[in-house]
Amino acid sequence: MSYISLEQIDKKYNINTAAEVHALRGVSLEINKGQFVSIVGPSGSGKSTLLHIIGCIDTATGGRYMIQDKDLSQINNKELAEIRNKKIGFVLQEFGLILNNTSIDNVSIPLMFSKTKLKDIKNKAYDTLKKVGIEDLAYKKVNQLSGGQRQRVAIARALINDPQIILADEPTGSLDQNTSMDIIKLLMELNEDGRTVIIVTHNIEIAQMCDRIVTIKDGMIMGE
Ligand SMILES: Nc1ncnc2c1ncn2[C@@H]1O[C@H](COP(=O)(O)OP(=O)(O)OP(=O)(O)O)[C@@H](O)[C@H]1O
Ligand SMILES: [Mg+2]
């Protein structure tokens, strides 16, 4: 049994309305622990949808999804949120940061719902910013940071709970080539520490640096 297993995953948005979209059509995918996987494909092909399902941000409308033998298609939202918090670090497309807040406050967010003391949260957030090399920007507002710096804040936020699975949707989307390579190197280091990393990318050069390239088109896997 694989670490991450998707069997015939289907996803429809706005079911039974005029606006229904069939975003994923029977996607089956097996990912082993410690793999570095890239997902590529045209705009609108379902890449973000797939990553959101893997990341327990959204649920499938059909098929079976398992992490470490646990069937996530059968559990309630509370359990799903728990798995998301414990196991998964998600770097959203366009970062998903609160621009008017400082870096350290953004990185703290995933722990604000835990019972951790505020002082401990801030210490942990600072250490995580250090891990991605931008602790000197801790007290700067995100809207004063460059794209590459923002991406590091987003990665730090995904790392604060020390997740075993890291998902990143276009982590280099708006970055120049040098900054993109820095970000990919950072993700590779996290992978070398044993974490499973799955990224969506349009950048072929970056995709080729991964263990696997999964191509998706019209909501279906076209090959590897
Ligand atoms: N929340 C939503 N409600 C309705 N339709 C959606 C929603 N999210 C995505 N879709 C639709 O599902 C399909 C797949 O979208 P998705 O965002 O997964 O594509 P993508 O491959 O990530 O594209 P891009 O490269 O532009 O980010 C598209 O037709 C999109 O319009
Ligand atoms: Mg997308």
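No value in this document is a laboratory result; all are computed from the given coordinates. What you are looking at is a predicted structure, and each value in this text was computed from that prediction instead of being measured. All Cβ positions, glycine included, derive from the backbone under ideal geometry; neighbour counts span all protein chains shown.
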Strands (runs of 3 or more DSSP E) contained in the range 1-77 and holding at least 2 residues within 16 Å of the chain's Cα centre (by Cα): 36-40
Among the residues of the range 43-61, are any on the phi < 0 side of the Ramachandran plot, in contact with a Leu (Cβ under 9 Å, 6 or more places away or on another chain) and of a type in the set (D, E, K, R)? no
Could you tell me which residue of the range 23-45 is farthest from Ala168 (Cα to Cα), considering only residues that are away from ligand 2 (no atom under 16 Å from the Cβ) and surrounded by fewer than 15 Cβ atoms within 10 Å (Cβ to Cβ)? Gly26
Residue ID - surrounded by the fewest Cβ atoms within 10 Å (Cβ to Cβ), chosen from residues in the range 55-93 that are within 23 Å of Arg25 (Cβ to Cβ) and polar (S, T, N, Q): Gln74
Here are the criteria: (1) crowded, with 18+ Cβ neighbours inside 10 Å; (2) more than 16 Å from ligand 2 (Cβ to nearest atom); (3) more than 15 Å from Val132 (Cα to Cα). Tell me which single one Ala207 does not satisfy. (2)
Tell me whether the range 95-108 contains one or more residues that are within 16 Å of ligand 2 (Cβ to nearest atom) and in a loop (DSSP other than H, G, I, E, B). yes
Residues to consider are Ile83, Ile57, Ile53; find the one that is away from ligand 1 (no atom under 16 Å from the Cβ) and either without any contact (Cβ under 8 Å) to a residue 60 or more places away in the chain or not small (Gly, Ala, Ser) (or both). Ile83
